[in-house]
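Here, each number is a calculation from the coordinates, and none is a lab measurement. The model shown is predicted, which means the values in this text are computed figures rather than measured ones. Cβ coordinates were reconstructed from backbone atoms using ideal geometry, including for glycine residues, and neighbour counts include every protein chain displayed.
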Amino acid sequence: MQTILSRAGKAPRSGCKACTSAIETLGKRPVSARRKPTFAELFTACYSSVFATAALVDAVRKDDRRKELDRQLEEVRKELADLQDGRQRPSSDDDSKGPELNLRQMDALWQSLKKIYNSRPYMKEIHQPATISASDVIEALKHEHYGSSSDPLRNSKRQINYDRLEGAIMQEESAKGRYYREPRNQAQLLRESLSTETLVRKLLDRTRYLPEDQSGPSLQKARNLLEKGSPGFTFRSIDAARARDNTILLNKRLRALGAASNLSMKEKVGRICYNLLVSSHPPDIHTYNTLIVAFNKSGHHSFAEALVASFFQYRLLQPTPSTFIAILNHYQCTNNHGRFLRALACITGLDNRTGAKVRRRHISDIEENPNLLPWALDSRRRTLTGDWIWDHLPLSQPLVEEIIGGLLHFKLFDQAAAFFISCMQSGVNLSLDSVKYFLDECINALDWKAAVRLTSSFARSQPTLQRLLRVGGDDESTSYIAGRVRVLLDICGLGGPDKPSKSLLVNLKVSGPSFNKLLNTLAQEAGPQQARSTSDQEISRSRSRVLQLESIWKEYEFVRKTTLSIESKLLYPDFSHAFRASVALHIGKAATQRSERLDEELKQLMKSPASIGSMPRLPLESEEIMKDSCPSLDTTPPPEGDARTEAETPPTGIVEKLELIDRGNTIETKLMGPRPGQVLPAWPGCLPSEGNVLRRMAVMDERMMRTEG
């Protein structure tokens, strides 16, 4: 229409003024007249803008408030879970006679474990610890003089009671009122499903190392089920009672599969993996405990290792009282001393990677929520390591006994003695078998450091000694423990009818009155020591001296290994290049000298192999160095004539002493080549503190020349 009017305006006109004005008016576009906005319109516009901005700000604040409420609700759920957990019940400071320990006892043991972990030896020393020599003479003396048991009997005591551990696991899984961590949303459930798939895949992969002739039809079924995708797990909270019954039934089936003797290992693993995948819920901590114990019991430790790694690295499961007992036993079965010590660090909150999986909080959470500050400041139950505050693992009597057994298994006798003393001083009730096993192992190892620690602790604390003597509750047990304590005194040089010197007591950090009280307590609780004739006392003194020297020699070996470990640490790049070069030259020169001496000694021994033990042999170079550098046993130098006579005569006194020790026995002393590890470094002289340790090497050469029979 506008186009038509525009063309009409451009058409030629006849000159009529009325027609021209009408056509021009129609061709123009109507334009509305502009006017000023009214106050109402301005107010409405401003009002709408303000309220739109307020609505946007309110939406943001509501979203923040909703997130804050969700976080607070999550904290309430966690606190409620802790209250529902039966292990987190409040404990008093009174001594308890049950297997559960109170807070005061656990705090003392946690502190002891922290000291053990922080002052742990080097891994080289734990991997190859200093031991006594493998000699028939020493074994006979330990058996006759100290009453040590044989190796098969000690090995039977060392093994854990799997039946009792399985019974404890079954009680935990059927106990009501105990809450353990479980997935609460879809994201957590998906993560648990993926972790279960990873665990099953690892178990299936480890079957490749089993014998190929074993058949396993269920193994392929489990692989096919795993390839189909993620299993359809559901939440346990939907029906908690039914979920608990399913878990009990599943664990019972898994325990039966582990003990089945008519199935191959591949078939067992295949059925176990299949049951884990078809279960309605992801495997919980009770299933992990069952499988770890079952695999270790059957001797298939590699499969148990997969479960332990899954527990620490992939799952967020909360441990039960039996979880770390099974884990520590697994590390003993696999002789993994590094992981064993790391497990102790997890128990005490010193591990900054996974901890004990009980509970942790980041320090930023404490800064944002002041209500968590009292929880974080409770240093008895928690430890700050790195950027996290870790909860300590609650201790029980079986777990404490397993820790002691593990320390003894890895030859950490001094650390085991320190932990044992902490148990006695805090009033922890240990079983009689555990106490006997601990004392027997320390005596059998002839560990001088552990004997000194125990002796000084018993002398300084009479209640500790009395509590130890009353462990069994009967006279027979008291007499046995008192006899073991007297053997520890003899290893330290405090046994026998003679009164020890004041200097010896000072070196052992034992006062005279305390030592007399110790002897009186032993006499009151177990009766006085049997009187012996003069000849029997001389024989006993000779036997004790031989075993004491062997114990001191073991300590020297420990110091030598520690010195070598420290020397190797000085080569780290933390030190300057010049310093590392000088240390490397020193280590290489000392090693070369030891190798040359060893080569010369071997050549001398190979020249006349038939004369070893029957003919007097020439002194070795290392012995000549020791004779020149170390002083003799006498405090005053002998006259020149006596020295010449002693040099010409063979050491018959030593042979007579050996015959006196072995009198009435069928064990024959074997004087062979030097035992391994006794080649001393090329030191120019003996230090004053080393004279007592190294002196016997130069004087009593025949006692050194024994090896394994």
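Take residues that are small (Gly, Ala, Ser), surrounded by 14 or more Cβ atoms within 10 Å (Cβ to Cβ) and free of Cβ contacts under 8 Å to residues at least 12 places away in the same chain and tell me which of the helices (runs of 4 or more DSSP H) falling wholly in the stretch 477-586 contain 2 or more. Filter on the stretch 477-586 gives an empty set. Considering the conditions (1) over 24 Å from Leu316 (Cα atoms); (2) among the polar types (S, T, N, Q); (3) without any contact (Cβ under 8 Å) to a residue 24 or more places away in the chain, Ser379 is excluded by exactly one of them, (1). Within the stretch 397-446, the only residue that satisfies the criterion of being under 16 Å from Phe458 (Cβ atoms) and among the acidic types (Asp, Glu) is Asp414. Of the residues Ile366, Ile347, the single one that is aliphatic (A, V, I, L, M) and either under 22 Å from the mean Cα position of the chain (by Cα) or surrounded by fewer than 17 Cβ atoms within 10 Å (Cβ to Cβ) (or both) is Ile347.
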